[in-house]
Amino acid sequence: MISEKMTAIGKSPSKIREIFEYSRKRKAQIGEDKVFDFSLGNPNIPAPEEVNKTIISLINNTESTSLHGYTSATGDFETRSVIAKNIKKRFDFSASADNIYMTCGAAASLEITLKALCNKGDEVIVLCPYFPEYKVFIENADAVTVETACRESDLGLDLKAIEKALTDKTKAIIINSPNNPSGVVFEKKDIIALGGLLDEHAEKTGNAVYIICDEPYREIVYGDLEVPYIPKIYNNTVVCYSYSKSLSLPGERIGYIMVSPKAKQSEDIYFAVCGAGRVSGYVCAPSMMQYVVRECDGLLPDIEKYAENRNLIYNSLKEIGFDVVRPDGAFYLFVKALEPDAVKFCEAAKKYELLLVPSDSFGIKGYVRIAYCVSYEQIKNSIPAFKKLYEDYKNR
């Protein structure tokens with residue numbers, strides 16, 4: 001027999017991707033400009049110009065067999081050294097190349113880290129709302145997903161709920177800030193309190209609880225808001241980073257894992273990361289993109305464009321009457337559905353060619369996610385449709 005587990009996962013595709021595929025078909029039927037697709041977190045802002053220049057330079061000036069050949073299994077040493085140096089410069093946190101493992105993007109980083117940390121039956125806390133693939137990665141590591149609510153008022157960290165979720169089987173908690181799908185940035189004081197809570201739990205049980213920082217959106221924040229660098233606050237931390245959003249390179253699948261040198265069993269965790277990468281088939285991230293990262297780590301696309309999009313859609317939907325969570329980062333808007341069943345609400349929105357993602361996929365009821373990493377014109381043109389949708393519900 002074939003794997004029942006993998007068959008079941010394959011028959012339950014990502015809701016986000018499902019809507020995205022529906023969008024492609026609908027655009028072919030009625031025209032691209034008539035469909036308002038807010039489903040996929042696919043950056044619409046180009047990568048910094050230096051990225052393309054670096055790629056061209058590498059192609060023109062590097063021997064082909066070297067450019068396209070294997071790097072070390074853990075990644076190009078010079079690239080890892082540059083990343084470590086920049087971590088020190090940006091966050092005043094000392095790491096080295098020996099703490100960093102290059103990966104095929106954030107998904108690989110999470111998959112590898114969970115396999116490295118978890119034994120069968122271990123529990124991993126996720127904070128609702130959360131990126132739905134977490135559950136897939138956790139279960140593939142033979143661990144158990146423990147869904148824990150965020151604060152209802154603002155979707156910040158609910159420390160009491162987290163404390164209640166902790167058991168002697170808890171191995172890790174995933175922190176995604178700025179958050180997908182809400183855009184919320186968790187406050188530093190709450191991160192500090194969480195670190196204290198986890199330290200107290202470790203003293204009682206003798207078991208370390210690791211914070212896995214999922215950080216593809218770290219650089220996409222608005223104003224002077226600080227995104228706390230958790231390894232400076234809590235020792236038992238593993239960072240999963242991706243350049244998909246920070247360099248607008250989602251299709252290139254490049255990122256890294258940073259095992260905090262201050263973590264309990266840090267060296268063994270790194271060896272476990274190497275082993276998990278090996279058994280998962282993720283050894284040696286794309287070579288050319290590692291060399292691009294070596295030259296472009298720390299560069300950013302035009303974040304102000306996302307800020308303009310956020311302001312337009314947030315203010316417009318608030319003015320219409322929608323209940324909206326204000327996002328301080330990422331490029332998602334989390335909006336209260338106008339009925340308890342978010343799936344039905346999203347189906348109703350299709351009448352006006354609005355393609356939204358129901359929050360059920362994110363472990364919470366009654367919301368929809370809007371990915372506003374689209375053109376400013378699409379958002380502007382969609383506002384009348386949102387108004388009609390709102391009036392449709394209010395006139396029922």
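Please list 3J(HN,Hα) in residue order for segment 318-324, calculated via the Karplus relation 6.51 cos²θ - 1.76 cosθ + 1.60 where θ = phi - 60°; whole Hz, with x for glycine and proline.
4, 5, 5, x, 6, 8, 10
Could you give the C-alpha radius of gyration of segment 1-124 expressed as a fraction of 2.2 N^0.38 Å, taking N as the number of residues it contains?
1.51
222 nm [θ] for the chain, helices only, -39500 (n - 2.57) per DSSP H run of 4+, per residue, to 500?
Computed mean residue ellipticity for the chain: -13500 deg cm²/dmol.
Would you mind calculating the gained length between residue 187 and residue 199 on full extension (0.36 nm times residue separation, minus the Cα-Cα distance), in nm to one decimal?
Gain on extension, residue 187 to residue 199, equals 2.5 nm.
Convert 4 °C to kelvin, take the viscosity as 1.567 mPa s, use the Kirkwood radius over C-alpha pairs of segment 96-197 as Rh, and evaluate the Stokes-Einstein diffusion coefficient in µm²/s, rounded to a whole number.
90 µm²/s
Over the chain, with a Gaussian network built from C-alpha contacts below 10 Å, which listed residue (54, 74, 103) shows the highest mean-square fluctuation?
Result: 54 has the largest fluctuation of those listed.
Over all pairs of distinct alpha carbons, what does the Kirkwood formula give as the hydrodynamic radius of the chain, in Å?
Evaluated on the chain, it is 22.0 Å.
Can you give the relative contact order of the chain as a percent, counting alpha carbon pairs under 8 Å and 6+ residues apart?
23 percent
Report the full-extension gain for the segment residue 375 to residue 147: residue separation times 0.36 nm, less the Cα-Cα distance, to one decimal in nm.
Contour length minus the Cα-Cα distance gives 78.7 nm.
With +1 on each Lys and Arg Cβ and -1 on each Asp and Glu Cβ, and nothing else charged, work out how big the dipole of the chain is about its Cα centre, in Debye to the nearest 20.
In debye, rounded to 20, the chain gives about 700.
Calculate the translational D of segment 259-341 in whole µm² s⁻¹ from Stokes-Einstein, where the hydrodynamic radius comes from the Kirkwood formula applied to all Cα pairs, the temperature is 25 °C and the viscosity 0.890 mPa s.
140 µm²/s
Residue 62 to residue 395: extension gain in nm, 0.36 nm per residue of separation minus the Cα-Cα distance?
113.4 nm
Looking only at Cα atoms, what is the convex hull volume of segment 350-396 per residue, in Å³?
80 Å³
What FRET efficiency do you get for residue 350 and residue 154 if R0 is 35 Å and r is their Cβ-Cβ distance, rounded to the nearest 0.05?
Approximately 0.75, to the nearest 0.05.
Readers should treat all values here as calculations from the given coordinates under stated rules, not as data from a laboratory. Treat the numbers as computed from the prediction; the structure is a model and nothing was measured. Cβ: placed from backbone, ideal geometry, glycine included. Neighbour counts: every protein chain shown.
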